[in-house]
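Working notes, beginning with the structure itself.
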Amino acid sequence: MSDAALIFLTLLVVLLTLSYWLTHRAENRQLKASKRADTEIVQRCLDLLQALQKHRGLGAQQDAASVTQRNAQAQQLDQLWLNWPGASMQLPPLQQHWPQLRRKPADFDAHCRLIETLLTVIEQLEDRLYRQHHPRIRGLGEACRSLEDLARLRGLAVRAANYERCPPGLQMQLRFLCNRMLDQEQDSHLLALIERLQSDLIESAQIRLAPGECFALLTPLIEQRLQGIRLSLD
């Protein structure tokens, strides 16, 4: 083989190697960018979940402090819904439901429907990230649904506390949630909270908790568990 042919082959090998390296590097960058975008959306979903759950819990409270807090949550949600990447990431256009819900903060069922759709989005993102070799994401959807059980318990308790005695419909829903958590949970703090709700609100002949007290009773544990979910994603 001539020197010219040898030089040509050497250059060809170098160029092919460089081309492969650049392509591989570009693919890695694209994968990291996609993974980063998905992770950012997960964090935004958690922010939305937290704010929607709080907005729902404050919806049945009419005292000035609660109304002020609810309005602050609504303003936060206004910002969180901006530039929701639904279409670009094949996610439902959740933000279109928010304006009507904002005008009807006491609509508990509408909050629940939107939160249920958001939980489905979180589960979709969990599957997508897990396929992209993000093992810590596994269990996110289940953890968020457990958190929603606790937040729904808060919202229902706040609504029930507006009455002298827990209405039968709310009592049935509260009993169901409490029994499900008692079957699944071993957290002594949560068990004590459930016992307090059962004795002073759900089964009491006369409710001994105000709406604001119910909200304050459950919120710290909800916030603690949400923070644990966030830390598990790092």
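Can you run down the residue pairs with Cβ atoms below 6 Å, 6 or more apart or on separate chains, where the first is in the stretch 47-67 and on the phi > 0 side of the Ramachandran plot and the partner is part of a helix (DSSP H, G or I) and surrounded by 16 or more Cβ atoms within 10 Å (Cβ to Cβ)?
Short answer, once both residue conditions are applied: none.
Just to check your reading of the model, which residue among 123, 164 is acidic (Asp, Glu) and part of a helix (DSSP H, G or I)?
123
Given the condition assigned to a helix (DSSP H, G or I), in contact with an Asp or Glu (Cβ under 9 Å, 6 or more places away or on another chain) and of a type in the set (Ser, Thr, Tyr), answer yes or no: does some residue in the stretch 103-117 qualify?
no
Looking at the stretch 186-218 only, could you name the residues that are open to solvent by less than 20 Å² (accessible area, probe 1.4 Å) and not aliphatic (A, V, I, L, M)?
Listed by number, the residues that qualify are 204, 214, 215.
Among the candidates 170, 114, 209, 221, which residue alone is out of contact with any His (no Cβ under 7 Å at 6 or more places or on another chain) and in contact (Cβ under 8 Å) with a residue 24 or more places away in the chain?
The match here is 209.
Looking at 33, 51, 74, which is the one that is at pLDDT below 90 and either surrounded by 15 or more Cβ atoms within 10 Å (Cβ to Cβ) or more than 30 Å from residue 212 (Cβ to Cβ) (or both)?
Within the list 33, 51, 74, the selection yields 33.
Among 170, 147, which is the only one that is farther than 16 Å from residue 108 by Cα and open to solvent by less than 70 Å² (accessible area, probe 1.4 Å)?
None of the others qualify; the one that does is 147.
Here are some residues: 159, 180. Which one is open to solvent by 70 Å² or more (accessible area, probe 1.4 Å), touching a residue at least 60 places away in the same chain (Cβ under 8 Å) and assigned to a helix (DSSP H, G or I)?
159
Collect the residues in the stretch 116-146 that are charged (D, E, K, R) and either closer than 13 Å to residue 233 by Cα or under 9 Å from the mean Cα position of the chain (by Cα) (or both), keeping them in residue-number order.
Selection gives 126, 136, 138, 145.
Suppose we filter 132, 171 for residues that are under 30 Å from residue 42 (Cα atoms) and of a type outside the set (Val, Ile, Thr); which single one remains?
132
Consider the stretch 121-138. How many of its residues are open to solvent by 10 Å² or more (accessible area, probe 1.4 Å) and touching a residue at least 12 places away in the same chain (Cβ under 8 Å)?
So the answer is 8.
The values are calculated or read from the model by the stated rules, or taken from the named source; none is laboratory data. Remember, predicted model here, so these are calculated numbers, not experimental data. Please note: Cβ atoms are built from the backbone with ideal geometry, for glycine as well, and neighbour counts cover all protein chains shown. The area values use the complete protein model at the heavy-atom level, side chains included, leaving out ligands, DNA and RNA. Shrake-Rupley method; radii C 1.70, N 1.55, O 1.52, S 1.80 Å.
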